[in-house]
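Peer 1: This structure is in structure tokens; I'll ask about it shortly.
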Amino acid sequence: MQITLQRDRAKTMRKSMTGAERVLWNHLKSRALDGYRFNRQVEIGPFIVDFLCRELKVVVEIDGPTHDDARIDLRRTEYLQAKGYIVFRAWNNEVFSNLDGVLTNLLLVLENRTR
């Protein structure tokens, strides 16, 4: 039952992305970022991550006002890192004001994972 609820929630989240998630997704979808493949709103254990490059186990989280409680983000990050994922975080305002910088830094993370 819990898996079905989480899957339904992920599907709903894909349909109602935030503005910042939409902006970033336009630069990640269809292998637009240097050929890396991303999925959006992916279930990993008890969490749903914003974007995931499965091949390299890189999670991208776009943080906004709902991320005021750093303890939740810390718990999520620790869980994901224990599973072998790298977590890349950017704030909504960074996506809007410095998209090139966000993409450049994400690309560096991805390239470091391939070494």
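Peer 1: Give the residues of segment 20-41 that are basic (K, R) and under 13 Å from the mean Cα position of the chain (by Cα), sorted by residue number. Before the answer, list the steps.
Peer 2: Going residue by residue through segment 20-41, those that are basic (K, R) are 22, 29, 31, 37, 40.
If the condition is that a residue be basic (K, R) and under 13 Å from the mean Cα position of the chain (by Cα), then R22, K29, R37, R40 are the ones that fit.
Peer 1: Let me ask another. Can you find, within segment 85-110, the residue that is least open to solvent (accessible area, probe 1.4 Å) among those that are outside any strand (DSSP E or B) and farther than 16 Å from H27 by Cβ? Outline the logic, then answer.
Peer 2: Initial filter on segment 85-110 (outside any strand (DSSP E or B)): 85, 92-110.
Then keep just the ones that are farther than 16 Å from H27 by Cβ; that gives 85, 93.
Values: Y85: 40, N93: 99 Å².
Ranking the candidates gives Y85 first.
Peer 1: Go through (1) aliphatic (A, V, I, L, M); (2) surrounded by 14 or more Cβ atoms within 10 Å (Cβ to Cβ); (3) without any contact (Cβ under 8 Å) to a residue 60 or more places away in the chain for A82 and report which single condition fails.
Peer 2: Among (1) aliphatic (A, V, I, L, M); (2) surrounded by 14 or more Cβ atoms within 10 Å (Cβ to Cβ); (3) without any contact (Cβ under 8 Å) to a residue 60 or more places away in the chain, the lone unmet condition for A82 is (2).
The values are calculated or read from the model by the stated rules, or taken from the named source; none is laboratory data. This one's a predicted model, so the numbers in the text were calculated from it and none came from an experiment. Because the Cβ atoms are built from the backbone with ideal geometry, glycine has one as well, and the counts that use them run over all protein chains shown. Accessible surface areas use protein heavy atoms only, side chains included; no ligands, DNA or RNA. Shrake-Rupley method; radii C 1.70, N 1.55, O 1.52, S 1.80 Å.
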